[in-house]
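A short reminder: the numbers here are calculations on the coordinates, not readings from a lab. Remember, predicted model here, so these are calculated numbers, not experimental data. All Cβ positions, even for glycine, are placed from backbone atoms using ideal geometry, and neighbour counts span all protein chains on display.
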Amino acid sequence: MKALVAFTLACAAATAVGAAEPELSKTPLDATAASILPKLQSANGIEYMNGGAGTEGVDYMKARSNEFQLQIIFSGRGGEYGVAEKVAIRNADRELISVPDAGPIMMFKLPRGTYTVEATFKGVAEKRIVSVGSGVAKLNWNTPRASD
């Protein structure tokens, strides 16, 4: 954490004197900065990202959002982000992928088709049907169960 604070202060100081901000790829903080960002993962041949709890994670996922055909955002009563105990995506009767501790933002690379997305909140499963086509399918999943 001290390293992140030091990096932030260094960036602010560099900006204040008109210098360019250092690139993450050229600083010793690469591992620290990269560790807080969501990772591209794969299960059963489906690539996905899961995360977005912090500002940096949200910004990173938004920057990469055009790479994914299905995007899901979980929120609760007041619009605050939420996390599902598990998310499963099915095509017909076959489960394609299951992700524990899902959200608040999830993005999937899926072929065209109709999918059933099942999210479990506080032990209760909820389902949504989503069609993935040529563009990006966005599912804003608002449920009181996502609230603490």
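Projected label points at GLU47 and GLU85, each 7 Å from Cα along the beta carbon direction, are separated by 3.2 nanometres. Give, to the nearest whole percent, the P(r) tail of the range 37-146 beyond 22 angstrom, counting all Cα pairs. Result for the distance tail: 24 percent. Here each label is just a point 7 Å from Cα along the line to Cβ, and for GLU126 and ALA63 those points are 3.1 nm apart.
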